[in-house]
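To keep things clear, I will list the structure first and then write my remarks on it.
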Amino acid sequence: MASGQLTVPTFSARLVPSFEGLKPSTLKFASVGPFKAGSLAQRSFRGLVVRVATVVAPKYTSLKPLGDRVLVKIKTAEEKTQGGILLPTTAQTKPQGGEVVAVGEGRTIGKSQIEISVKSGRQVVYSKYAGTELEFNGSTHLILKEDDILGILETDDVKDLKPLNERVLIKVAEAEEKTAGGLLLTEASKEKPSIGTVIAVGPGPLDDEGNRKPLLVSAGNTVMYSKYAGNDFKGSDGSDYIVLRASDVMAVLS
């Protein structure tokens, strides 16, 4: 090596974990110099987390779901906040609901043929990571199993959700603002509560003969539920809600 020359080590991007969601900060690697982690994530790693919709060719004008699958036309993301501020695409909340446009023939349980419990035209809310996105007839759709639909929601407020099957809608109890010793907690240190009040329940799961089994909890119950279960929502009144399976409810409190 000639005198005065500096050798810069190389490294593979595959060895670097995704920085998506990391707060921008200045990092240094030996002999490489400073760089911004946030800018690295935006330029090099954002594509690793993008979910691309399947594009259905224009020559296909009809799509019929099979079995217990449902085709939902996804609602478009709101482009403005309630205060009228235009949101950049990256800040828009991904919609988690839409209109049912087609349903399958249902499924067979024992000797019974069970139809899909939602019909075309219904406005529904579904699990965040469910189904397969596709571009069809110029709009974004989602094809998913009926069991991934959380409930029917005909308004813009999640408190009006009508849960399906064994799903339960719970209004989350507010986090405690003080410790047992009386110290005031910051927002970052408040522990996520796992207690809430049941607002609505579904008709229950199906047994082996195709009959509904009533749930063990009912509207008005105060319950404790599994901490990391379900799908979180923010109500129009600012309250937190969660939709989860009844099997994730651990106890009724009184």
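The values are calculated or read from the model by the stated rules, or taken from the named source; none is laboratory data. Remember, predicted model here, so these are calculated numbers, not experimental data. Heads up, the Cβs are rebuilt from the backbone with ideal geometry, glycines too, and the neighbour counts pull from every protein chain shown. Heads up: the accessible areas ignore ligands, DNA and RNA and are worked out on the full protein's heavy atoms, side chains in. Shrake-Rupley method; radii C 1.70, N 1.55, O 1.52, S 1.80 Å.
Here are the numbers:
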quantity	calculated
Residue count, region 184-212 (criterion: closer than 23 Å to Leu153 by Cα and either charged (D, E, K, R) or modelled with pLDDT of 90 or more (or both))	11
Matching residues, region 103-114, being within 17 Å of Ile143 (Cα to Cα), part of a loop (DSSP other than H, G, I, E, B) and not small (Gly, Ala, Ser)	Glu105
Residue in region 220-254 that is surrounded by the most Cβ atoms within 10 Å (Cβ to Cβ), counting only those that are of a type in the set (Phe, Trp, Tyr) and in contact (Cβ under 8 Å) with a residue 12 or more places away in the chain	Tyr225
Selection status of Leu134, in contact (Cβ under 8 Å) with a residue 24 or more places away in the chain and either more than 18 Å from Asp237 (Cα to Cα) or open to solvent by 30 Å² or more (accessible area, probe 1.4 Å) (or both)	yes
Failed item in (1) in contact (Cβ under 8 Å) with a residue 12 or more places away in the chain; (2) farther than 19 Å from Gly67 by Cα; (3) in a loop (DSSP other than H, G, I, E, B), with Ser117 passing the rest	(2)
Subset of region 198-219 (residues that are crowded, with 16+ Cβ neighbours inside 10 Å and part of a strand (DSSP E or B))	Val198, Ile199, Ala200, Val201, Leu206
Hits in region 229-240 - residues which are touching a helix residue (DSSP H, G or I) at 6+ places or on another chain (Cβ under 9 Å) and either more than 14 Å from Leu161 (Cα to Cα) or modelled with pLDDT of 95 or more (or both)	Ala229, Gly230, Asp237, Ser239
Counted residues, region 144-177 - those being open to solvent by 40 Å² or more (accessible area, probe 1.4 Å), assigned to a strand (DSSP E or B) and either hydroxyl-bearing (Ser, Thr, Tyr) or within 28 Å of Ala53 (Cα to Cα) (or both)	1
